[in-house]
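Encoded as C-alpha cells, the structure appears first; notes follow it.
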Amino acid sequence: MGSSSGNTLKSLSNRCLLRLSSDTHSLFHGKTFNEACLTTQRRGFYSFSSPNKLASCKGSHPLRSFSTSSSSSKVGFLGWYLAKLESNPIITKSVTTSLIFAAADFTSQMITSASSYDSIRTLRMAGYGLLLLGPSQHLWFNLLSKALPKRDMLTTFKKMFLGQAVFGPLVTTVFFSYNAALQGENAEEIAARLKRDLLPTLISGAMFWPTCDFVTYKFVPVHLQFLFLHMDNLFDVHGKLKQSEHRVVGLLT
C-alpha cells in the first residue's frame, strides 16, 4: 500500500514538473514546448539546406551581388567597344576606320612632309574611311566568312587570293579616284593618275599584305578582321618613308 501510494506521488510529481516546464516556456516565448521544438527544427533546415533563403531573411542578396560583380568585369572601353561592334557593326567599323586613317595620314605627314601640315588631306582620308572603306570592308569580310566559312589552309589561301585579286585593286582604284576628284581633277587626269600609280601600288602592297591577310583570315575573328588590318595600315606608314605621297597613302587601302 505504501509502495503504491509512493509511486502515485512520484508520477504526479513528474507530471507537474513537465507541465511547469511547458508553462514556463510558453510564458517567455509565447509558444508551447512542442511548437518551440518545431520552430528550431525549421530554422535548422533553412540554415543548412537553403542558404539563399536565410540570406534573404537577413536582407542580403547573394545572387544579385554575383550578377553585379560579373557584369562589372565587363565595364570599360574594351567592353563598350565590343558591344558597339555587335549592336551597330557598320557604324562602329566606319567610325573606327575613319579615325585610324586620319591618324595614319597625320603621322605620315609629320614624318615625310617638309611643308606645313595639310589638314584638308587628313579630312579626305577620314572621309574615305568613314563613307567608303569602313562599310565596304564590313560587307567584304562578312561575305567571305559566309562563302568560305572554314579556316583551314586551303580556304585561307582562297581568301587571300580573292583579297589581293579582287578587293584590293577595287578599293585602291576607288581611293585614287576619290582622292583625285576631291582635288579637282577631271576624268582624264584621274585616268592618268590610275595609270601611273595603281599598278606600282599593288605591286608594292603584294610584298606586305599577303602575310597580314594570312594572319587575319586564319586566326582573327570576323568582326575584328578590319581592325587588325587597319593596325597594319597604321604601322606600315612608318616603313614607307621613301615612297611618293600617293604611294604611301595608297598603301593604306
So, in the stretch 106-121, exactly how many residues are modelled with pLDDT under 90 and touching an Asp or Glu at 6+ places or on another chain (Cβ under 9 Å)? 4
Note on the stretch 95-126: residues within 15 Å of TYR178 (Cα to Cα) and surrounded by fewer than 17 Cβ atoms within 10 Å (Cβ to Cβ) are ILE120, LEU123
Any residue at all in the stretch 78-94 that is under 26 Å from LEU194 (Cβ atoms) and assigned to a helix (DSSP H, G or I)? yes
Among the residues of the stretch 162-196, how many are assigned to a loop (DSSP other than H, G, I, E, B) and open to solvent by less than 60 Å² (accessible area, probe 1.4 Å)? 1
Only one of (1) of a type in the set (Gly, Ala, Ser); (2) touching a residue at least 12 places away in the same chain (Cβ under 8 Å); (3) not in a helix (DSSP H, G or I) is not met by SER116, so which one is it? (2)
Residues being farther than 20 Å from ASP232 by Cα and either open to solvent by less than 20 Å² (accessible area, probe 1.4 Å) or modelled with pLDDT of 95 or more (or both) - total across the stretch 197-211: 1
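The values are calculated or read from the model by the stated rules, or taken from the named source; none is laboratory data. As the structure is a prediction and not an experimental result, all values here were calculated from the model. Neighbour counts are summed over all protein chains in view; Cβ atoms, including those assigned to glycine, are modelled from backbone coordinates with ideal geometry. All accessible areas refer to the heavy atoms of the entire protein, side chains included, with ligands and DNA or RNA removed. Shrake-Rupley method; radii C 1.70, N 1.55, O 1.52, S 1.80 Å.
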